[in-house]
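Novice: I'd like to ask you about the structure that follows.
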Amino acid sequence: PFAQKLLIQRAKQAGLFVITATQMVESMIENPVPTRAEVSDLMNAVWDGTDAVMLSGEAATGKFPCEAVMAEASAAREAETVKHRLQKACPYVAIDSKLPLRPPRALNCGMALKRQEMDHNKRKTKVVASLGPASWSEEMIPKMIQAGADIFRLNCSHRRGGDFERVYPLIRQSAKELGKKVECLGDLQGPKFRVGELAAEPIPLKDGDVLEFGICKDDNDLIKPGRITMKPTIEQNALVKACAVGTPLLLEDGIMEVKVTEKISDTELKVRVVRGGKLKARKGVNVPTVQIDCAALTEKDVEDAEFLLQLE
């Protein structure tokens, strides 16, 4: 929470549009209502000054995309309506200062019993909804707009098969028919570091095991017991090349960790399992201690950007 406050503050100072994202109401992938903690996170993001809150899997693949949009929109609007009361009720905090603290105004239960603000035309915080199989149909897009979606996110990590070409006109048509101003956000993938495909079932990684970790030598060089591989992209070649003995590699958002014990070549490593688990296909790889020599924009990003621009 503290890092979020600092990030939002610095971004606003730089004049940037701030979107707070990732797992905002993740429980709504399976459930029709958010948890109390998720609503608290949403409202705190609004009080911190975010310009928008975003739905990812909740809207793209979840069971309740419209309900997720309504939950974010309602929580954001409610946070806006009480922000001034929150500021008045909280005293200034003085650290290493002799200035007196401003006494807070007395809080009372009546403040919490206000009517819920239902007029979302007054809402300033935008709701960004990621589109995917659960939400990009001709039937769902207008429902999402009516539920409170202000911006639709087109995730270029999953651009394939003419989906964007089909969805974009639906968004424009639905917004026009409903008389709503709706924007589209093209989200470029950027460099991605993932393990490759499995030869069979997910493989168990046991603490202390020593494995091979390298770039695929051919299409048949898949993940199997004793060997982890990555596809030979420019970015992933750069990642393996940058590793040295002692470099930690985090797998699947840090759930698992391996550490380099031997560098055989620029494409082959030996690693020891520090924190084990069950490794599945295409899980992320993160190397927090290494500076990777690759461009921030990949060839795919340039191609995706050119494609998105021609949609207009």
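The values are calculated or read from the model by the stated rules, or taken from the named source; none is laboratory data. Treat the numbers as computed from the prediction; the structure is a model and nothing was measured. Reconstructed Cβ throughout: ideal geometry from the backbone, glycine too, with neighbour counts over all protein chains shown. Heads up: the accessible areas ignore ligands, DNA and RNA and are worked out on the full protein's heavy atoms, side chains in. Shrake-Rupley method; radii C 1.70, N 1.55, O 1.52, S 1.80 Å.
Novice: Accessible area per residue, 1.4 Å probe, Å², for the chain: what's the number?
Specialist: Per-residue accessible area for the chain comes out at 58 Å².
Novice: Now a separate question. Separation between the LYS224 and THR81 pseudo-spin-labels, each 7 Å from Cα along Cα→Cβ, expressed in nm?
Specialist: Between LYS224 and THR81, the label points sit 6.2 nm apart.
Novice: Between the stretch 205-244 and the stretch 30-59, what is the C-alpha centre distance in whole Å?
Specialist: If we compute the Cα centre of each part, the gap is 37 Å.
Novice: Roughly how much of HIS120 is accessible, in Å² to the nearest 10, using a 1.4 Å probe?
Specialist: About 60 Å², ignoring ligands and nucleic acids.
Novice: Next up: Could you give the size of the charge dipole of the chain about its Cα centre, using +1 on the Cβ of each K and R and -1 on the Cβ of each D and E, expressed in debye and rounded to the nearest 20?
Specialist: 1380 debye
Novice: At 1.4 Å probe size, with the rest of the protein present, what percent of the exposed accessible area of the chain is carbon and sulfur atoms?
Specialist: Of all accessible area on the chain, carbon and sulfur atoms account for 54 percent.
Novice: A further question on this structure: Return the long-range amide H neighbours of ILE203 (sequence gap of 5 or more, or a different chain), with a cut-off of under 5 Å between placed amide H atoms.
Specialist: Those lying under 5 Å, H to H, from ILE203 are LEU279.
Novice: Taking the alpha-carbon distance from LYS278 and a cut-off under 16 Å, which lysines remain once sequence neighbours fewer than 8 residues away in the same chain are dropped?
Specialist: Of all the lysines, those that pass the test against LYS278 - Cα under 16 Å, at least 8 places apart if same chain - are LYS206, LYS224.
Novice: Considering only DSSP states other than H, G, I, E and B, which trypsin sites (Lys or Arg not before Pro) in the stretch 136-188 qualify as loop sites with at most 16 other Cβ atoms within 10 Å?
Specialist: ARG160, LYS180, LYS181
Novice: Quick one: if the Förster radius is 22 Å, what FRET efficiency do ALA200 and ARG275 give, using the C-beta to C-beta distance and rounding to 0.05?
Specialist: E between ALA200 and ARG275, to the nearest 0.05, is 0.45.
Novice: Please list VAL46, VAL210 from largest to smallest accessible area, probe radius 1.4 Å, with all protein chains kept in place.
Specialist: Listed by decreasing accessible area, they come as VAL210, VAL46.
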